[in-house]
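Chemist: Quick one: the structure is below, questions incoming.
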């Protein structure tokens with residue numbers, strides 16, 4: 001944009017100023033959730049929007065050590081805080097609908113990939129991109145990379161494909177955050193979970209000003225979270241699987257929560273602290289979104305990604321209606337497939353669906369396991385047809 005300054009107002013290495021922006025955006029989103037606008041649209045959506053506006057209008061840079069710290073440390077620390085009260089027996093009883101929604105969502109991704117491939121002339125890169133997008137939007141970034149290597153994408157092809165996909169992934173995240181706030185959709189697909197959460201939220205808002213801050217509980221939960229992350233990352237390094245550190249953090253946290261359920265139940269404010277950490281993460285997600293580059297990198301691949309996303313959502317909505325799946329379960333199943341385990345946990349957290357955090361992560365992990373095989377198989381099939 002020629003009218004914008006060449007350099008951002010804040011320097012990438014201005015740690016205090018950049019941190020001030022991220023923390024302020026997170027606070028703004030949490031505050032907004034208590035207003036009518038936040039209840040209609042979700043404060044997280046506005047955190048992402050303002051983060052994107054700030055970076056694209058050169059107020060802050062697209063990259064900063066602060067963002068790396070948030071992704072590398074704040075997000076892992078938030079996972080145990082969100083899972084200390086994860087009761088597995090109850091989760092397994094209640095996660096069946098989420099698994100069904102995840103299966104429907106995966107079918108939706110494949111349908112979108114196939115329809116877009118038929119409608120658009122993607123050229124020689126088509127089968128490779130189809131496989132990579134299938135893997136990435138059933139699993140996650142790990143599968144995106146794994147499929148790209150399996151189908152022998154060149155570095156240039158990979159850069160263009162991932163550049164176009166990131167804008168679609170951010171759009172999907174914002175849409176999934178906003179879906180439960182659409183009255184027509186809630187009427188079309190009823191949700192007992194959302195209704196119950198709304199009632200709990202109303203009761204909490206009526207008494208929250210009278211609740212004391214238990215510093216012992218907060219500091220204890222934070223200390224336990226750091227200990228879990230330290231142990232988990234050491235295990236991941238010892239077994240030479242550092243890329244799966246988050247998954248090990250999740251397993252250890254869930255294990256401790258179920259071995260010592262009474263102890264974990266005594267923590268007060270742990271979930272809210274983890275929720276605040278994820279709002280900071282969403283601020284960094286928005287700030288790192290270069291909207292112009294996404295649009296310019298490969299317009300046809302951007303269109304392809306949008307087609308996949310639209311078909312995915314339509315299949316999820318139709319499947320939820322046909323199989324009478326709760327809207328909250330449908331959103332979490334869709335998120336587990338399209339945006340991955342971590343963001344799905346954040347979606348559940350942002351809406352106050354505590355009981356769906358672990359099912360969302362579990363389905364996201366299931367996606368990591370199966371997505372590479374599906375993506376490679378689909379790419380091979382389309383390449384053979386070509």
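Chemist: Based on the alpha-carbon gyration tensor of the stretch 345-386, what equivalent-ellipsoid semi-axes (square roots of 5 times the eigenvalues) come out, in whole Å, largest first? Don't jump to the answer; show the numbers that get you there.
Modeler: Working: eigenvalues 224, 19, 5 Å².
Result for the stretch 345-386: semi-axes of 33, 10, 5 Å.
Chemist: Given contacts defined as C-alpha pairs under 8 Å and at least six residues apart, what's the relative contact order of the chain, whole-number percent?
Modeler: On the way: 596 pairs, mean separation 142.8, N = 386.
Relative contact order for the chain comes out at 37 percent.
Chemist: Using the number of other C-beta atoms within 10 angstrom as an exposure proxy, rank 35, 289, 109, 349 with the fewest first.
Modeler: 35, 289, 349, 109
Chemist: Output the 0 to 90 degree angle, nearest 10, between the alpha-carbon long axis of helix 215-238 and the longest principal axis computed from the alpha carbons of the chain.
Modeler: Relative to the chain, helix 215-238 is tipped by roughly 40 degrees.
Chemist: Then there's this: Give me the tail of P(r) for the stretch 243-347 as a percent: Cα-Cα pairs with distance above 25 Å.
Modeler: Counting pairs separated by more than 25 Å, the tail of P(r) holds 43 percent.
Chemist: For residue 11 and residue 226, what does the FRET efficiency come to when R0 = 35 Å and r is the distance between their Cβ atoms, rounded to the nearest 0.05?
Modeler: Efficiency at R0 = 35 Å is approximately 0.75.
Chemist: Using Stokes-Einstein with the Kirkwood hydrodynamic radius over Cα pairs, what translational diffusion coefficient do you get for the chain at 37 °C and a viscosity of 0.692 mPa s, in µm²/s rounded to a whole number? Walk me through the intermediate numbers first.
Modeler: Working: Rh = 21.4 Å.
My calculation gives 153 µm²/s for D.
Chemist: Something else about it: Please state the Cα pair-distance histogram of the stretch 302-386 with 5 angstrom bins from zero: what percent is in each bin?
Modeler: Over the stretch 302-386, the share of Cα pairs per 5 Å bin runs 3, 14, 18, 20, 22, 12, 6, 3, 1, 0 percent.
Chemist: Another question, then. Return the FRET efficiency for the residue pair residue 322, residue 243: r is the Cβ-Cβ distance, R0 is 41 Å, and the value is rounded to the nearest 0.05.
Modeler: On the way: r = 37 Å, r/R0 = 0.90.
Once the sixth-power term is evaluated, E becomes 0.65.
Chemist: Using the Cα atoms as the points, what is the convex hull volume per residue of the stretch 51-187 in Å³?
Modeler: It comes to 193 Å³ per residue, whole-number rounded.
Chemist: Now, a different point. So how tilted is helix 141-150 from the main axis of the chain? Cα-based, degrees 0 to 90, rounded to 10.
Modeler: So the inclination is approximately 30 degrees.
Chemist: Still on this structure, please answer the following. Please report, to one decimal in angstroms, the Kirkwood hydrodynamic radius of the stretch 118-185 built from all distinct Cα-Cα pairs.
Modeler: 13.2
Chemist: Also, I was wondering about something else. What's the center-to-center distance, using Cα atoms, between the stretch 343-366 and the stretch 277-338 in Å?
Modeler: Centre-to-centre distance over Cα atoms comes out at 15 Å.
Chemist: I've got another one for you. Can you give me the relative contact order of the stretch 287-386 as a percent, contacts being Cα pairs under 8 Å and 6 or more apart?
Modeler: Once divided by the residue count of the stretch 287-386, the mean separation gives 17 percent.
Chemist: Could you line up 59, 239 from fewest to most neighbouring Cβ atoms inside 10 Å?
Modeler: 239, 59
Chemist: Given the rule -39500 (n - 2.57) for each run of at least 4 DSSP H residues, summed and divided by the residues of the chain, what is its mean residue ellipticity at 222 nm, to the nearest 500 deg cm²/dmol?
Modeler: Values: 21 runs with 294 residues, N = 386.
Mean residue ellipticity at 222 nm (helix-derived): -24500 deg cm²/dmol.
Chemist: If you stretched the chain out fully between residue 120 and residue 234, how much longer would it get, using 0.36 nm times the residue separation minus the C-alpha to C-alpha distance?
Modeler: Here the segment from residue 120 to residue 234 would lengthen by 36.4 nm.
Chemist: Something else about it: Using 1/(1 + (r/R0)^6) with R0 = 25 angstrom and r between the beta carbons of residue 178 and residue 27, what's the FRET efficiency to the nearest 0.05?
Modeler: The formula returns an efficiency of 0.75 here.
Chemist: Taking other Cβ within 10 Å of each residue's Cβ, how do 278, 251, 309 sort, fewest first?
Modeler: By the 10 Å Cβ count, ascending, the order reads 251, 309, 278.
Coordinate-derived values only; no laboratory data. Just so it is clear, the structure is predicted and the values come from calculations on it, not from any experiment. Positions of Cβ are generated from backbone atoms using ideal geometry, with glycine treated the same way; all protein chains shown enter the neighbour counts.
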